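The values are calculated or read from the model by the stated rules, or taken from the named source; none is laboratory data. On a predicted model such as this, the values are computed, not experimentally measured, just so you know. Cβ placement follows ideal geometry from the backbone for every residue including glycine, while neighbour counts extend to all protein chains displayed. In case anyone asks, the SASA skips ligands and DNA or RNA and just uses the protein heavy atoms, side chains included. Shrake-Rupley method; radii C 1.70, N 1.55, O 1.52, S 1.80 Å.
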Amino acid sequence: MEEENCEYRIFLNNMWPYWKKKGSHEHPAVTNTVDLTGMWLLTAPNMSGKSTLMRSAAASALLSVCGFCAPVGAGSHLHRFGSLFVRGASEDVPSEGKSAFEAEMDEIGAMFRSQDHASSPSLAFVDEVCRGTSPREGTWLAGAIFEAMAGRKWCMTGIFATHLHDIVNLPLSQECLDRTTEMQIPWSESVESTNGFATTEGRYQLTRGICKDSKALETATRCGMDPRITERAKRYYDYLHKTKHDSTDSTQTLCVRPDDENNPVIARSDNNPHRDSVVDLAEKATGKTYDIFVEASYATHPSLSRGQPVLYVLKEPAPEGKYYVGESRNFKERLETHRRRKHKNVVAWVFKASSIDEARDWEEALCTACRRHNLPLSNTRIPRK
């Protein structure tokens, strides 16, 4: 289905899980307001309420269009969509010789086929697709499914929940990114510990952003897993975390060039072709490896939401080959301004900071190091906090 304007807003005010009582003291229902246009990419830890939120939204939408009472507050409204699609956990179908993953692919394929013949967009809720195959291939496939759902051909509205966090590092098309909002349901965290893990509790509150900590080990501990197993798992995590940059078998090594100059894609790469002398200095100044590499003429990255403090390093092409070091809460705007005023083919390395003050400290340290090593800077001065 291709439509010129396929943006329809869903506004579910103070929605709550319909199977819970709002006034209960033991397990009180937590309300969330869903203000949705386009597609949400929803990430959150285990047992944080992703599936509950999606079921509640799907039930509210269905009840509303049928004219029944829905578990939402006053002022809620939504478009009457052509179809409603909900995909949760799949089971194998031995009678048809299908594994759980095959059954899941059948359902997703049916969703796209039905939309091919629809006269209006679909409202779709897809929960943890591709978890029945390898994480690497699952990430690639889930990313392509999400990109198709958000793209202009099928132009769906809905929520796509996942634990495959490397989807945000894939070179998703610009039309997909334009219709994507990153949402999360973070957990609060205390300083106490249980079996070596920080004690957390669910707030079940929806906010903008990406959550890359699924808290699988803590969830296993709370569910009574033998502590010797979870401790061994934590040691494996520490081992792989320390050695991850020695391996190129990762979606983080993916770097592609745009097929169409009018539809630039996003690239990230930790591979050697994108190493540079300034990167070594920047990693020493920040104490971390860079988060994102932006190729020449590429748009900015989906994980860089407005307000995210960053240190960025721009490099102009030869023969000048000058560097520019800066900090910002709006990297996309800074990059566009530099390309408009200076050179359109600059590349960029981006380091995410926890605060703007940290980004400014990094900026000052890196500018000083660049001058000490005689690297050509286009900065006119060393920044001071």
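Fully extended, how many nm does the chain gain between A144 and D116 (0.36 nm per residue separation, minus their Cα-Cα distance)?
Computed gain between A144 and D116 is 8.4 nm.
I'd like the accessible area for S378, computed on protein heavy atoms only with a 1.4 Å probe and all protein chains in place. Round to 10 Å², please.
S378 exposes around 40 Å² with every protein chain in place.
Which order do peptides 178-184, 357-363 fall in by mean Cβ count within 10 Å, highest first? Kindly include the intermediate steps, with their values, before the conclusion.
Details: 178-184: 18.0, 357-363: 19.6.
Ranking the peptides 178-184, 357-363 by packing returns 357-363, 178-184.
Within a Cβ distance under 11 Å of T181, other residues only, what is the Lys/Arg minus Asp/Glu net charge?
Within the 11 Å Cβ shell, the charges total -1.
Hey, quick one: spin label on K288, modelled 7 Å out along Cα-Cβ, who in segment 349-364 has an amide N within reach, i.e. under 15 Å?
Counting backbone N atoms under 15 Å from the label point, the list is 349-363.
Could you tell me which of the pairs K234/K288; K288/K315; K98/K212; K212/K344; K284/K315; K21/K215 are separated by over 25 angstrom between their Cα atoms in the structure shown?
K98/K212; K212/K344; K21/K215
Would you mind counting up the charge near A110? Only other residues with Cβ under 15 Å from its Cβ, with Lys and Arg at +1 and Asp and Glu at -1.
Around A110, the surrounding residues sum to -3.
Compute the Cα gyration tensor for segment 1-137, then decide on rounded, prolate or oblate, letting a ≥ b ≥ c be the square roots of its eigenvalues: rounded whenever a/c is under 1.5, prolate when a/b is larger than b/c in the other cases, and oblate in all that remain.
Details: a/c = 2.00, a/b = 1.23, b/c = 1.63.
In terms of gyration-tensor shape, oblate.
Quick one: length gained pulling V65 to R341 fully straight, 0.36 nm per residue minus the C-alpha distance?
94.3 nm
Restricting to segment 32-176, compute how many DSSP beta bridges are antiparallel as a %, nearest 5.
For segment 32-176, the DSSP antiparallel bridge percentage is about 5.
Leaving ligands and nucleic acids out of the surface, order K315, K284, K215 by accessible area at 1.4 Å, largest first.
Correct descending sequence by accessible area is K284, K315, K215.
If I ignore ligands, DNA and RNA and count only protein heavy atoms, how much of S95 is accessible to a 1.4 Å probe, in Å² to the nearest 10?
Approximately 110 Å² of S95 is accessible to the 1.4 Å probe.
Keeping the other protein chains in place, figure out the carbon and sulfur percent of the accessible area of segment 1-110, with a 1.4 Å probe.
Using a 1.4 Å probe with all protein chains present, segment 1-110 comes out at 53 percent carbon and sulfur.
Sort out for me the Cα centre separation of segment 311-328 from segment 76-114, rounded to whole Å.
After rounding, the separation between the Cα centres reads 47 Å.
Can you list which of the GluC sites (Glu not before Pro) found in segment 88-178 are DSSP loop residues with at most 16 other C-beta atoms within 10 Å? Show your work: numbers first, answer last.
Numbers: sites: E91, E96, E102, E104, E107, E128, E137, E147, E175; in loops: E91, E128.
Loop-located and lightly packed - E91.
Return the carbon/sulfur percentage of the accessible area of segment 318-385, one whole number, probe 1.4 Å, all protein chains in place.
43
If Lys and Arg each add +1 and Asp and Glu each add -1, what is the summed charge of the other residues whose beta carbon sits under 15 Å from the beta carbon of D92?
Within the 15 Å Cβ shell, the charges total -4.
Show H338, H117, H163 ordered by accessible area, largest first, where the area counts protein heavy atoms only and the probe is 1.4 Å.
From most accessible down to least: H117, H163, H338.
Using the basic label-point model (7 angstrom from Cα toward the beta carbon), what is the D178 to Y236 distance in nanometres?
Going from the D178 label point to the Y236 one covers 4.3 nm.
Can you pull out the chymotrypsin sites (Phe, Trp or Tyr not before Pro) in segment 116-174 whose DSSP state is coil and whose Cβ has at most 12 other Cβ atoms within 10 Å?
none
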